[in-house]
Structure formats: C-alpha cells, structure tokens
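All of the numbers you see were taken from the coordinates with simple rules; none came from a lab. Just so you know, these numbers come straight off a predicted model, no measurement behind them. Ideal geometry is used to build each Cβ from the backbone, glycine not excepted, and the neighbour counts take in all protein chains shown.
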Amino acid sequence: MKFFLDTANIAEIEEGVSWGCVDGITTNPTLISKELVGNTNFKTLVKRILDIVDGPLSLEVTSTSSDAMVEEAKRLKKLGDNVVVKIPTTVEGLKALKVLKARNIDTNATLVFSVNQAIMVAKAGATYASPFVGRLDDISEDGMSLIEDIRDVYDNYNIETKIIVASVRHPIHVRDAALIGADIATMPFEVFKKLINHPKTDEGLKRFLADWQKIDKSKLVF
Ligand code: G3P
C-alpha cells in the first residue's frame, strides 16, 4: 500500500519524506491556496515539492470545461514528469480524462462519491480515482464501505485504475483502507504522524532505557 501526503506544505513534506514512508503527494486548490504566501508563487511551490518527493504529485485543474481542463493539464504536466493532473468527476471531466489518457498524461479523478462515478472515471481513462471517505462520514454515510465496493467492482472487471482513499481524517481510515486493499491512502500530515504512535511503544522504551541506566557502566564497555 502506498501513502501519499495530502498537503502542499514544504515543511510537512520534507519531514514526511525523511521518514521513508511517503510515496507521493496530493493537493487541491484549498491546500495550495494556504501555501501561496509571501514570495511563493505556484510554480516555485510545485518545483520545490517535485525536488523533495520521488513520486507522483497531483495538481488539480480549476477549469470547468473539458477543453480548458485539457489545456490546463498540458501546462501543469510541463512542470514535471511526476505531475498527475486532478480532474473533477463531472461530464466535462470525463471528456478531459479521455483526451488526457490518449495523450499519456496521468490523471486523478477527484470528488468521487459513488461506485458508479468510480466506474465512469475508470472507463474514461483515469489513472487514479479518489473517493472522499471523510466527507461521506460527515453526512452520516459510511465512507469506507464505498472503498470496499469500489475495490470489489474494480477487481470484478480487472480495472487498473488505482484507488486513492482521500479525505482521510484519522488513523482508522488508513488501517481500514489497507485491510480493504485500497492502493493508496492520502492523508494530512497530522494523520500521518499519528500512524507511528502507540503508548505501549513509548512505555516499553522508557522501561528499557531505565533498566539500562541501572547497569554497572563498567559492564557495558564494547
Ligand atoms: O485532497 C482531497 C481530500 O483529501 C480533501 O480532504 O479533509 O478536505 O475532505 P478533506
């Protein structure tokens, strides 16, 4: 299973990559808007992320017509080979996915909320599909059951589109995504950090170190 960070924050990306567990980055217009402060512009931010991460970086189009999405996608792709273009799950988005597939530009269909949408974007040629589990949970639907269903359907028909579990809000989403066999979970750095923590690890390490301190130091020469 791959872990992506769902952030455009350089400090978070640098820290996550240093842990050896980050396989890629996803962003959206909201996440990018938070980082365009001071002298930082979109191009310098994207280049910086591409320098840090050896993996796919999803950048989202903000056009709404298919022709404009395709033009925007071509411009985004010029920023780096690892750029994956995020396309909204709309009729215009389907048309853009089809054209971009023919041009060998990797795509990530975003804002997927149903199995039928996941089938449609896969048929149109999406490299990745991003169902939003947290936003379904927010409206009292079961986000993870959508992931189970999409996994089943994609497996039924040998669909190669990769499932990115998005809108991840807590570590249980990540664990469940892994158990279901989702290809990728993309998560905020705050969730990523929590994945390594366990109170019994901290307690155990504390005890080991305390016991080590009690040993006669002359016995520890090596
Ligand atoms: O990037 C898409 C998705 O992960 C956004 O998550 O928490 O804003 O629903 P959230």
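Against the test of being within 19 Å of the chain's Cα centre (by Cα), under 17 Å from Y154 (Cα atoms) and away from the ligand (no atom under 16 Å from the Cβ), the options A122, A126 yield a single qualifying residue, A122.
Taking the stretch 1-60 and the helices (runs of 4 or more DSSP H) fully enclosed by it, the elements with 1 or more residues that are over 16 Å from E190 (Cβ atoms) and basic (K, R) are at 42-52. Taking residues in the stretch 74-101 that are under 28 Å from S114 (Cβ atoms), and partners anywhere that are basic (K, R), the pairs with Cβ atoms closer than 6 Å and at least 6 places apart or on different chains are V83/K77.
In the stretch 110-119, of all residues being assigned to a strand (DSSP E or B) and buried (at least 24 other Cβ atoms within 10 Å of the Cβ), the one that is nearest to the ligand (Cβ to nearest atom) corresponds to T110.
Taking the stretch 20-45 as the range and being away from the ligand (no atom under 12 Å from the Cβ) and either within 15 Å of the chain's Cα centre (by Cα) or in contact (Cβ under 8 Å) with a residue 60 or more places away in the chain (or both) as the test, the residues that pass are C21, V22, D23, G24.
Per-residue answers, yes or no, for (1) under 22 Å from V191 (Cβ atoms); (2) in contact with a strand residue (DSSP E or B) (Cβ under 7 Å, 6 or more places away or on another chain):
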{"position": "R75", "(1), (2)": "no, no"}
{"position": "V91", "(1), (2)": "no, no"}
{"position": "K95", "(1), (2)": "no, no"}
{"position": "T107", "(1), (2)": "no, yes"}
{"position": "L111", "(1), (2)": "yes, yes"}
{"position": "V133", "(1), (2)": "yes, yes"}
{"position": "I139", "(1), (2)": "yes, no"}
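Filtering the stretch 133-188 to residues that are over 21 Å from C21 (Cβ atoms), assigned to a helix (DSSP H, G or I) and away from the ligand (no atom under 13 Å from the Cβ) leaves M144, S145, L146, E148, D149, I150, R151, D152, V153, Y154, D155, N156.
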